[in-house]
1. Could you tell me the calculated FRET efficiency between B:T93 and B:E53, based on Cβ-Cβ distance and R0 = 22 angstrom, to the nearest 0.05?
2. In nm, give the distance between the simple-model label positions of B:T20 and A:N71, each being 7 Å from the Cα along the Cα-to-Cβ direction.
3. With every protein chain left in place, what is the accessible area per residue of chain B in square angstrom, probe 1.4 Å?
4. At 1.4 Å probe radius, can you tell me the per residue accessible area of chain A in Å²?
5. For B:R41 and A:S113, what does the FRET efficiency come to when R0 = 25 Å and r is the distance between their Cβ atoms, rounded to the nearest 0.05?
6. Please grab the % of Cα pairs in chain A that end up more than 19 Å from each other.
7. Pop out a list of residues from segment B:75-109 that are at least 40 Å² less accessible with all the protein chains around than in their chain alone; 1.4 Å probe, no ligands or nucleic acids counted.
8. Between B:A82 and A:I55, what FRET efficiency follows from the Cβ-Cβ distance if R0 is 25 Å, with the result rounded to 0.05?
Amino acid sequence: DAGVIQSPRHEVTEMGQEVTLRCKPISGHNSLFWYRQTMMRGLELLIYFNNNVPIDDSGMPEDRFSAKMPNASFSTLKIQPSEPRDSAVYFCASSLHGTDNEKLFFGSGTQLSVL
Amino acid sequence: SQQGEEDPQALSIQEGENATMNCSYKTSINNLQWYRQNSGRGLVHLILIRSNEREKHSGRLRVTLDTSKKSSSLLITASRAADTASYFCATGTASKLTFGTGTRLQVTL
């Protein structure tokens with residue numbers, strides 16, 4: 001299994017531009033998570049999907065952030081317009097059923113720099 | 001907000017020594033997980049301990065859980081340079097797993 005695949009690996013953009021981050025979860029996993037990691041705030045859960053449906057988006061910081069999961073094998077996190085404070089590493093993770101006592105499998109992350 | 005806090009924030013040891021890092025959390029839990037993050041990489045699950053367990057082993061890893069003190073510890077025995085990484089504890093439900101602040105472990109030759 002290839003694991004959770006994220007793209008791009010690095011993204012540098014200018015303030016005001018639209019940014020789209022992509023994630024392919026592990027085949028057969030029903031739950032998908034988007035996390036953001038910064039030095040100041042650590043790892044923050046942004047949104048959680050189960051069976052392609054957004055269940056909890058309370059961690060999404062602002063309306064500038066949106067996430068979709070059109071099918072079981074693909075999810076996007078979009079920031080429009082981007083701001084310098086959005087600079088962070090964004091991780092996608094998946095788990096088999098989304099039940100307690102399950103472990104998360106993380107992708108390698110997208111390092112986002114907004115200038 | 002972070003549910004857990006690791007202690008110490010940073011730890012430097014020599015290869016062959018044992019490394020112990022601690023995690024304190026705030027609310028009651030069903031289980032607690034430990035993850036490792038190598039520099040520039042995603043987190044990797046190490047071990048999960050349930051609330052009714054007090055100790056669990058996996059290879060060179062030993063995890064303890066004290067629910068009365070709301071704390072857990074991760075012990076890495078006979079450390080290797082490859083153990084250099086950040087270690088995080090995580091608690092919460094399946095839909096809302098929250099991570100601690102992490103301990104940065106440096107293992108030198």
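The values are calculated or read from the model by the stated rules, or taken from the named source; none is laboratory data. Given the structure is predicted, the values throughout are model-derived calculations rather than measurements. Glycine gets a Cβ as well: all are built from the backbone with ideal geometry, and neighbour counts include every protein chain shown. What goes into the accessible areas is simple: the full protein's heavy atoms, side chains included, and nothing from ligands, DNA or RNA. Shrake-Rupley method; radii C 1.70, N 1.55, O 1.52, S 1.80 Å.
1. It comes out at approximately 0.75.
2. Label-label distance for B:T20 and A:N71, simple model: 5.2 nm.
3. 49 Å²
4. Counting only protein heavy atoms, the per-residue value for chain A is 49 Å².
5. Between B:R41 and A:S113 the formula returns 0.90.
6. Considering chain A, 40 percent of its Cα-Cα pairs are separated by more than 19 Å.
7. Output list: B:A94, B:S95, B:K96, B:L97, B:F99.
8. 0.10
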